[in-house]
Amino acid sequence: MRTVRIHLDQPLKIGGEVALPPQAAGHVARVLRLRRGDPLVLFNGDGQDFSCELLETGAREVRARVLAAQPVSNESPLRITLAQALARGEKMDWIVQKATELGVAVIVPLVTERSEVKLDGVRAGKRVEHWRGVAVGACEQSGRARIPGVHAPETLPAWLQSLDSQRAGMRLALLPQGELAPRSLGHIESDMVLAVGPEGGFGEGDLAVLHAAGFRGLSLGPRVLRTETAGIAAIAALQALYGDF
């Protein structure tokens, strides 16, 4: 039987009882048709899986008792921040989902010179909450017990300014004519930032500020990949060469 994992955004403790939120409760009771006594795994992002037993699967409430806690040690040794230029339609959902499955630590949506997607304050807030939900769903599926951070959209210069004051590590920007290839990086730092441009690529101004911030160009070969493909392919290559694939 497939292990059912549900994210619950609240503290969990052994011996405690919890009520599942409406959406999760409906999935457990009506879609999966689980019954009283069935096993369930809950996680809240603290790095543990909590083994539970269903106590009630009624129409109004689904409750479970926490039986045990197990540390989950499947986070990637590479702490990758994916700085992804905003993509159109469902492409951004796909990027967030796959990047989470591949083990990224942080996702930063970027507004660049050639970005075609524009989000005002209200729309941006709603999209961020949606993307965080996509990341949670990807963690439920992939077995991760820590949720990657999903930031609010930022302009490339503003993000680089905050990056300069907050963290170091290897800085790479995906460029068709980049001087580096994944296999040529040699000794790499576990903390790295990967910047991916929009459909039209980074503009000249983008390239100038990236270069000034210490980013080096990373090429994925002779073919030009779409924005929704490039970052995911690069992360997979880095995990295969230097991570835990």
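Remarks
- Where a residue in the stretch 26-52 is assigned to a loop (DSSP other than H, G, I, E, B) and its partner, wherever it lies, is of a type in the set (D, E, K, R), with Cβ under 7 Å and at least six apart: 36/56; 37/53; 44/9; 45/146; 47/146
- Test: residue 109 is in the same structural domain as residue 238 (by TED's automatic domain parsing) and assigned to a strand (DSSP E or B): yes
- Positions within the stretch 168-193 being surrounded by 13 or more Cβ atoms within 10 Å (Cβ to Cβ), aliphatic (A, V, I, L, M), more than 18 Å from residue 114 (Cβ to Cβ) and under 22 Å from the mean Cα position of the chain (by Cα), in sequence order: 170, 172, 188, 192, 193
- Residue under evaluation residue 199, criteria (1) in a helix (DSSP H, G or I); (2) surrounded by fewer than 21 Cβ atoms within 10 Å (Cβ to Cβ); (3) of a type in the set (D, E, K, R), criterion not met: (1)
- Only one of the numbered conditions (1) at negative phi; (2) out of contact with any Pro (no Cβ under 6 Å at 6 or more places or on another chain) is violated by residue 186, and that is (1).
- Of all the criteria given as (1) under 26 Å from residue 21 (Cα atoms); (2) in a strand (DSSP E or B), the one not satisfied by residue 82 is (1).
- Selection of the stretch 31-54 for residues being surrounded by fewer than 16 Cβ atoms within 10 Å (Cβ to Cβ), farther than 16 Å from residue 8 by Cα and over 28 Å from the mean Cα position of the chain (by Cα) yields 33, 35, 36, 37.
- Residue 89 vs. criteria in contact (Cβ under 8 Å) with a residue 24 or more places away in the chain and among the small types (Gly, Ala, Ser): no
The values are calculated or read from the model by the stated rules, or taken from the named source; none is laboratory data. All values reported here derive from a predicted model rather than from experimental measurement. Note: ideal-geometry Cβ built from the backbone for every residue, glycine included; neighbour counts use all protein chains shown.
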